[in-house]
Amino acid sequence: MTAIFERIGLTFIRVFEQTGLWFGAFADTFRWMFRRPFDGREWLRQMVRVGVDSIPVVVLTSMFTGMVLALQTFVGFRRVHAEQFVASVVSLAMLRELSPVLVGLMVTGRVGSSMAAEIGTMKVTEQIDALKALATEPVQYLFVPRVVAGIIMLPFLVILGDFLGIYGGYLVAVKLMRTNPVVYQQNTYQFLALNDVWSGLIKAAAFGLILTLTGCVRGYYTTGGAEGVGRATTNAVVSASLIILLSDFFLTKILF
Amino acid sequence: MAFIELRSLHKSFDSKQVLRDMSIDIDRGETVVIVGGSGTGKSVTLKHIIGLLKPDRGQVIVDDQDVTAMREMELNRFRRRFGMAFQEGALFDSMNVYENIAFPLRRHTKMKENEIRARVEECLEDVHLHGVEKKRPSELSGGMRRRVGFARAISLKPEILLFDEPTTGLDPVISDIIAELICEMDTKLGTTTVMITHDMKVAFKVADRVAMLYDGHIIEEGTPEDFQKSTNAIVQQFIEGRAEGPLTDID
């Protein structure tokens, strides 16, 4: 019985410890973001890595999500003769919820994990110590370009995801379900407000921050060689995905 | 007053006490080699000198400045006076050899690219390497990686050089070449050098003074000649590399 309480207690301590490390790194990253030297080349390299290199995965995910959403809602709405609302549901769902969350999760799997693995490997091979010995602050050199890239590039990926998701829905509704294309297009925009777009983009920037910072923090605190790097990579993906899903609720509550 | 002073350092990791009342003085321009078995705290000592670790108790004084009391910004400025060569080189594997050596120059100087190129070539010349600028660290042998690590360490023309086990895992011939190279760099650059190793041949070749770390503190120090004549049984066992003796009896 004592062992169970001990285990629960240790889990709580670990959660609080990890939360503390995350917020500590968050504060340090913003503190170092505005200090010289600014490594423009590294910032750009990370933007390409987070943004440009993630385009194929975002294209596929968003397009098929929009298509399947149209298909599902069409089947359901036909039962109550409300097929004309399919377009609005697809566009609202993509802009407000699906595009930011799915892009966030997909980029976490692709980029967050590789950041944790890269920084974790640097940690266990003393490259982080070498950075410090070369009078370079690791948070400034490693965290800042990655986090900046996440905050800037995720909204662009989400805009792309929004367009493709809505277009995917249009393709299914018009080509497969024989909906009138003009009516579908009208219904797509009819119930949209500017806030739907903005709130999705704000979410995207927040998710960009979460997934990159979590990847960096997990990598930076790696211990124990190759096994530790593997653990850090898995933890980065699991933690960032959970934080994205939890924060999604609170952000939605605040933003709408 | 000594140039580098480690005053009564204590350091523990979890429940394991690594350094206990560890003190040593190092004069300007001197080459001190700290020897000791695996896990005795040699690397920990070296990392204290450059401020990568903070002691639980005690002080590290370098050129009359207390390293242990420095804040991160101050420490970063201070570290530009150091060059540190790591055990496996610790080269940045996302960069090639040229970019590795140019890294500190790009970050801490206002040198133009042609000046950087000239300095990188000079550093590679100092470690007797040619034509490797475009190679990735993974394409280099162990000995070459260490030499590139040395070149990176000296690129900012440091006053103090720290070597963390520079010959571990290398064959005896390459170890000797590395030792020669360290002597050469020492003479040419006139730096204060601290090296840690458990390779006694290299230690005697390089050192002005050898110190032995055991049980968290220095138990013997002196010139290579005096050190070899030490009457301390632990020191003698370590020098001779014998399996039987006080070192292994305690284990």
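The numbers here are math on the coordinates, done by the rules we state, and not lab data. Everything numeric in this text was worked out from a predicted model, so none of it was measured. No Cβ is skipped: glycine too gets one built from the backbone with ideal geometry, and neighbour counts run over all protein chains shown.
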Taking the alpha-carbon distance from A:Lys203 and a cut-off under 27 Å, which lysines remain once sequence neighbours fewer than 8 residues away in the same chain are dropped? A:Lys253
Which net charge results when you count Lys and Arg as +1 and Asp and Glu as -1 among the other residues whose beta-carbon is under 12 Å from that of A:Asp53? +3
Determine the relative contact order of chain B: mean sequence separation of Cα pairs under 8 Å and six or more apart, normalised by residue count, in whole percent. 26
In the neighbourhood of A:Arg110 defined by beta carbon distances under 14 Å, the net charge of the other residues (Lys, Arg +1; Asp, Glu -1) is 0
Span from the the stretch B:139-179 Cα centroid across to the the stretch A:7-85 one, whole angstrom: 42
Dipole size in debye (nearest 20) for chain B around its Cα centre, Lys and Arg Cβ +1, Asp and Glu Cβ -1? 1100
Whichever lysines have a C-alpha closer than 16 Å to that of B:Lys157, once near sequence neighbours (fewer than 8 apart) are set aside: B:Lys110, B:Lys188
In debye, nearest 20, what is the charge dipole magnitude of the stretch A:2-255 about its Cα centre with +1 on Lys and Arg Cβ and -1 on Asp and Glu Cβ, if you could check? 320
Under unit Cβ charges (Lys, Arg +1; Asp, Glu -1), what dipole magnitude, rounded to 20 debye, does the protein assembly as shown have relative to its Cα centre? 2620
For peptide B:79-91, how many partner chain Cβ atoms fall within 10 Å of a residue's Cβ, on average? 4
Collect residues whose amide H, placed 1.01 Å from N in the peptide plane, falls under 5 Å from the amide H of B:His198; neighbours closer than 5 in sequence don't count. none
Need the full-extension length gain, A:Leu176 to A:Val59, defined as separation in residues times 0.36 nm minus the C-alpha distance. One decimal, nm. 40.1 nm
Report the one residue of A:Ala3, A:Val48, A:Gly104 whose Cα lies farthest in the direction of the positive end of the charge dipole of the protein assembly as shown (charges on C-beta: Lys and Arg +1, Asp and Glu -1; origin at the Cα centre). A:Gly104
Residues whose built amide H sits under 5 Å from the amide H of B:Gln87, excluding neighbours closer than 5 in sequence, are B:Asp164
Taking the dipole about the Cα centre of chain A, with the C-beta of Lys and Arg at +1 and of Asp and Glu at -1, give me whichever of A:Ser239, A:Leu192, A:Phe16 is farthest to the positive side. A:Leu192
Against the longest alpha carbon principal axis of chain A, how many degrees, from 0 to 90 and to the nearest 10, is the axis of helix A:225-255 turned? 50
Karplus 3J(HN,Hα) series, Hz, for the stretch A:55-64 with 6.51 cos²θ - 1.76 cosθ + 1.60 (x for Gly, Pro): 4, x, 5, 5, 4, 5, 4, 5, 4, 6
Return one number: the angle in degrees, 0 to 90 and rounded to the nearest 10, between the long axis of the Cα atoms of helix A:181-190 and the longest principal axis of the Cα atoms of chain A. 50
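Among B:Lys157, B:Lys112, which comes first, then next, by fewest other beta-carbon atoms within 10 Å?
B:Lys112, B:Lys157
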Amide H contacts of B:Ile218 (H built 1.01 Å from N, under 5 Å, at least 5 apart or other chain): B:Ser23
Going by how many other Cβ atoms sit within 10 Å of their own, how do A:Ile13, B:Ile4, B:Ile178 line up, fewest first? A:Ile13, B:Ile4, B:Ile178
Give the calculated FRET efficiency between A:Gln72 and B:Ser94 to the nearest 0.05, with a Förster radius of 51 Å applied to their Cβ-Cβ distance. 0.70
Got a sec? How would A:Thr73, A:Thr234, B:Thr187 order by Cβ neighbour count within 10 Å, fewest to most? B:Thr187, A:Thr234, A:Thr73
Separation of the B:Ala233 and B:Ile177 label points, Cα + 7 Å toward Cβ, nm: 4.2
Summing +1 for each Lys or Arg and -1 for each Asp or Glu, what net charge is found among the other residues whose Cβ lies under 14 Å from the Cβ of A:Gly230? +1
